[in-house]
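A.B. asks: Here you go, one structure.
The values are calculated or read from the model by the stated rules, or taken from the named source; none is laboratory data. On a predicted model such as this, the values are computed, not experimentally measured, just so you know. Virtual Cβ from ideal backbone geometry, glycine too; neighbours counted across all protein chains shown. Surface accessibility is based on the protein's heavy atoms, side chains included, excluding ligands, DNA and RNA. Shrake-Rupley method; radii C 1.70, N 1.55, O 1.52, S 1.80 Å.
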Amino acid sequence: MSHARVSTMVNGEPTGVIDVSDRGLQYGDGLFETIAVRHGQPQHWDHHLQRLRRGCERLAITMPPIGQLNDEAQQMSAGLERVVLKLILTRAGSLRGYRADAAVGPNRIWQVFPWPVQPDGHVREGVRVRVCRTRLARQPVLAGLKHLNRLEQVLARAEWQQEYDEGLMLDSDNNVVEGVSSNLFLFSNGTLMTPMLDRCGVEGITRERVLDAARLLSWPVHECRLSLGQLLAADEIFLTNTLIGIWPIRQIDVDPPSTPSHTFAVGPHTRRFREQIDHD
Ligand code: PMP
């Protein structure tokens with residue numbers, strides 16, 4: 001099996017070319033999924049399909065037939081040992097202006113990327129994060145969706161170079177919401193807590209898997225509003241996403257470099273959940 005092969009496919013054709021009138025490009029009118037591939041198989045594929053279906057329903061984009069998506073995912077993953085597979089689904093486009101042409105089906109854009117190199121220490125010893133100045137806007141209509149409008153994340157990611165492993169994002173009411181490209185969990189007195197995503201944020205697949213694991217372990221979970229103060233008072237904190245799994249947080253810088261760092265231990269609860277989702 002091979003490790004890296006950059007390839008693209010658009011609507012079943014082996015091409016990286018798409019019409020410039022595509023609404024994904026014009027308006028960010030679409031959804032995407034970032035999928036881990038191992039041993040030629042897309043991982044947690046059903047979770048990705050379910051999220052895509054929920055996104056299509058909420059944005060009134062026609063969901064492509066499941067059989068077609070299954071076949072294309074298999075085709076893109078075949079023979080690849082460990083890669084990142086990305087699917088972008090856009091509302092295509094033909095009219096000028098915001099009004100959508102309901103008769104036009106979505107465009108399916110597939111890309112394969114090499115698996116990113118991640119230091120082993122991140123999983124065992126935890127990561128350093130900063131609290132970003134860029135805030136997430138409240139938009140309940142889009143909250144939870146993995147839609148193509150990612151400018152808030154682009155601006156937040158521009159706030160550091162290599163000195164941090166991830167950034168944390170607050171909303172305009174000072175609630176902690178998520179990482180720039182990850183979801184956030186904390187343990188406080190043994191209770192697992194994660195921010196509600198009803199106003200902004202992305203409902204990550206890995207977040208769902210952690211919530212499933214909590215149910216399986218009969219572990220108490222609260223989805224709630226979380227302040228920065230509550231986060232900094234937590235016993236353990238971790239981040240989740242498809243490509244990292246679970247990363248414990250060992251250091252948070254709130255306003256670098258003027259205030260001292262807050263440090264955290266990689267605790268037993270985080271390790272327990274990591275073991276659980278490694279085997280789900
Ligand atoms: N939030 C944001 C903003 C993200 O970009 C991502 C990953 N793309 C996540 C959360 C985590 O989602 P997942 O677990 O599906 O990778």
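A.B. asks: Where in the stretch 178-226 are there strands (runs of 3 or more DSSP E), lying fully within it, with 2 or more residues that are surrounded by fewer than 16 Cβ atoms within 10 Å (Cβ to Cβ) and more than 15 Å from the ligand (Cβ to nearest atom)? Break it down stepwise before answering.
C.D. replies: Values: elements: 183-188, 191-195, 221-224.
The qualifying strands (runs of 3 or more DSSP E) are 221-224.
A.B. asks: It is to be established whether one or more residues within the stretch 153-164 are in contact with a Leu (Cβ under 6 Å, 6 or more places away or on another chain) and either modelled with pLDDT of 95 or more or part of a loop (DSSP other than H, G, I, E, B) (or both). First the steps, then the outcome.
C.D. replies: Step one: list which residues in the stretch 153-164 are in contact with a Leu (Cβ under 6 Å, 6 or more places away or on another chain), which gives none.
No: zero hits.
A.B. asks: Among residues belonging to the stretch 35-81 that are in a strand (DSSP E or B) and not polar (S, T, N, Q), point out the one that is most open to solvent (accessible area, probe 1.4 Å). Even if it seems obvious, please write down each step before you answer.
C.D. replies: Kept after step one, since they are in a strand (DSSP E or B), are these residues of the stretch 35-81: 35-38, 41-42, 80.
Filter once more, keeping what is not polar (S, T, N, Q): 35-38, 42, 80.
Values: Ile35: 0, Ala36: 10, Val37: 1, Arg38: 92, Pro42: 17, Leu80: 3 Å².
Among those that are in a strand (DSSP E or B) and not polar (S, T, N, Q), it is Arg38.
A.B. asks: Among (1) touching a strand residue (DSSP E or B) at 6+ places or on another chain (Cβ under 9 Å); (2) assigned to a loop (DSSP other than H, G, I, E, B); (3) within 30 Å of Asn11 (Cβ to Cβ), where does Ile109 come up short?
C.D. replies: Against the list (1) touching a strand residue (DSSP E or B) at 6+ places or on another chain (Cβ under 9 Å); (2) assigned to a loop (DSSP other than H, G, I, E, B); (3) within 30 Å of Asn11 (Cβ to Cβ), Ile109 comes up short only on (2).
A.B. asks: Also, quick follow-up: Of the conditions (1) open to solvent by 30 Å² or more (accessible area, probe 1.4 Å); (2) within 19 Å of the chain's Cα centre (by Cα); (3) under 29 Å from Arg53 (Cβ atoms), Leu85 fails just one. Which one is it?
C.D. replies: (1)
A.B. asks: Oh, and also: Do we have Gly201 as touching a residue at least 24 places away in the same chain (Cβ under 8 Å) and in contact with a Pro (Cβ under 9 Å, 6 or more places away or on another chain) here? Break it down into steps so the answer makes sense when it comes.
C.D. replies: Numbers: touching a residue at least 24 places away in the same chain (Cβ under 8 Å): yes; in contact with a Pro (Cβ under 9 Å, 6 or more places away or on another chain): yes.
So Gly201 passes the test.
A.B. asks: Here's something else I'd like to know. Does Gly97 qualify as being in a helix (DSSP H, G or I), surrounded by fewer than 18 Cβ atoms within 10 Å (Cβ to Cβ) and away from the ligand (no atom under 16 Å from the Cβ)? Let's see the steps before the verdict.
C.D. replies: Values: in a helix (DSSP H, G or I): no; surrounded by fewer than 18 Cβ atoms within 10 Å (Cβ to Cβ): yes; away from the ligand (no atom under 16 Å from the Cβ): yes.
Here the answer is no, as Gly97 does not meet what is asked.
A.B. asks: Would you confirm whether or not the stretch 240-261 contains a residue that is modelled with pLDDT of 95 or more, over 25 Å from Val117 (Cβ atoms) and either open to solvent by 60 Å² or more (accessible area, probe 1.4 Å) or under 22 Å from the mean Cα position of the chain (by Cα) (or both)?
C.D. replies: no
A.B. asks: A follow-up question, please. Where the second residue is among the small types (Gly, Ala, Ser) and away from the ligand (no atom under 12 Å from the Cβ) and the first is assigned to a strand (DSSP E or B) and lies in the stretch 23-34, which pairs have Cβ atoms under 7 Å and are six or more apart or on separate chains?
C.D. replies: What qualifies is Gly30/Gly24.
A.B. asks: Being within 15 Å of Val84 (Cβ to Cβ) and within 16 Å of the ligand (Cβ to nearest atom) is the filter here, so list the residues in the stretch 8-44 that pass it.
C.D. replies: Residues satisfying the conditions are Phe32, Glu33, Thr34, Ile35, Ala36, Val37, Arg38, Pro42, Gln43, His44.
A.B. asks: Considering the stretch 148-164 alone, what residues qualify as being of a type outside the set (A, V, I, L, M), surrounded by fewer than 19 Cβ atoms within 10 Å (Cβ to Cβ) and either closer than 20 Å to Ile88 by Cβ or under 13 Å from the mean Cα position of the chain (by Cα) (or both)?
C.D. replies: In the first step, residues of the stretch 148-164 are kept if they are of a type outside the set (A, V, I, L, M); the result is 149-150, 152-153, 157, 159-164.
After this cut, where a residue has to be surrounded by fewer than 19 Cβ atoms within 10 Å (Cβ to Cβ) as well, the list is 149-150, 152, 157, 159-163.
Residues satisfying the conditions are Asn149, Arg150, Glu152, Arg157.
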